[in-house]
Ligand SMILES: Cc1cc2nc3c(=O)[nH]c(=O)nc-3n(C[C@H](O)[C@H](O)[C@H](O)COP(=O)(O)OP(=O)(O)OC[C@H]3O[C@@H](n4cnc5c(N)ncnc54)[C@H](O)[C@@H]3O)c2cc1C
């Protein structure tokens, strides 16, 4: 199948399924998401209309296995589709990532995590319920893990806890930056099992789906940030919230193993920003050629400085796309050290590169291009958020790469 456009991930020998899904994402993005993007940004409101479209197109179940009624997209296919959505609306792509992760982690990623026979049986039974909700009911999942402590960076146990009681768990704690706050039907919560011994341990991380309507769950705080305003990432407070056993998205102890087995699970925040980088580049070319719809047909392409800047942007974009594509195609459980380093390098390049390209785009197009009726100033603000996101902020990626290059596991200096 030939695509009539170049996808945000670049050209590749796409499978028939990838080509079909990319075409769908591109079509929805161009015709629906891009025209609405300014509205969510201005109001800092959630893109409900886009989610209705994603639901109608069967894209909420993108990573639900086909045996469970979903599209059965694998990791790489999801990453390609997400980048295409990011091209038209960053906030939609980023929140879509939180939703999709709840099906990706419990689906294909969980299949690659070692479990006992009993755990596997429990997991298969429970995820059936959760896949059904997404496919049949069009349910939306959020993914709150950040708490403003070292936990979201993977350096400490989550302070939000779950205590085992008859038939389920009782959750207490607080999450910050919970994208889809007030929009999600379920909050895919990461918390620590409270074993009553006052010794919280990251190995006891639990992954629970908390139904939005459960008693004791409240949403608070303002949401008026620089960028990614449509994500509506407000605070969640859990006060003695009862969550039934069947809401466990992974068996006890499996999330911790999964995070170690599948580092690529943290790379899923990146495609949104690759999409934004593409959008900033595409806009710049259109603008310099005097071809932006509704704008005077003023050409600015004849100045050598503009030509050089566009060339620089393209070089950086090609580097990002190449590294991104390689990283998603080789992503697997227990990657080699080189593969892990490439994954970090790809993440860093995309998160920092998106903002570099958006910055160059504004400088190159000039003052008139930063007006609110054009998308560039929003792309610039949205692009700033990528490298701030835990657990792989730009700083923490540098930290990991340096340490893991110079120290083999278990090595110390004294
Ligand atoms: C638009 C947007 C949407 C988001 N959506 C979600 C969501 O849906 N769910 C969710 O859980 N979170 C979400 N987040 C939160 C995000 O993942 C981070 O948790 C948040 O940006 C961290 O901000 P902070 O200021 O609390 O970081 P802090 O913990 O205060 O850290 C500040 C900086 O210090 C560095 N740092 C932190 N810990 C260490 C360490 N141990 N060693 C060295 N350096 C360190 C990091 O570079 C970090 O950026 C979202 C963030 C944004 C911007």
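What to note about this one:
- Subset of the stretch 163-173 [surrounded by fewer than 18 Cβ atoms within 10 Å (Cβ to Cβ) and under 27 Å from the mean Cα position of the chain (by Cα)]: 172
- Scanning the stretch 62-94 for residues being surrounded by 24 or more Cβ atoms within 10 Å (Cβ to Cβ) and farther than 26 Å from residue 226 by Cα gives a total of 6.
- All helices (runs of 4 or more DSSP H) inside the stretch 296-414 with 3 or more residues being more than 16 Å from the ligand (Cβ to nearest atom), surrounded by 14 or more Cβ atoms within 10 Å (Cβ to Cβ) and at pLDDT 95 or above: 304-330, 337-365
- Boolean, residue 193 is free of Cβ contacts under 8 Å to residues at least 60 places away in the same chain, crowded, with 18+ Cβ neighbours inside 10 Å and away from the ligand (no atom under 16 Å from the Cβ): yes
- Restricting the stretch 224-250 to residues that are more than 14 Å from the ligand (Cβ to nearest atom) and in a helix (DSSP H, G or I), the residue that is nearest to the chain's Cα centre (by Cα) is 247.
- Picking from residues in the stretch 196-215 that are surrounded by fewer than 17 Cβ atoms within 10 Å (Cβ to Cβ) and in contact (Cβ under 8 Å) with a residue 40 or more places away in the chain, the one that is nearest to the ligand (Cβ to nearest atom) is 202.
- Checked against the criterion of being within 17 Å of residue 98 (Cβ to Cβ), out of contact with any strand residue (DSSP E or B) (no Cβ under 6 Å at 6 or more places or on another chain) and more than 16 Å from the ligand (Cβ to nearest atom), the candidates 270, 264 yield just one match: 264.
The values are calculated or read from the model by the stated rules, or taken from the named source; none is laboratory data. Quick caveat: nothing in here was measured; it's all calculated off a predicted structure. So basically every Cβ, Gly included, is an ideal-geometry build from the backbone, and we count neighbours across all protein chains shown.
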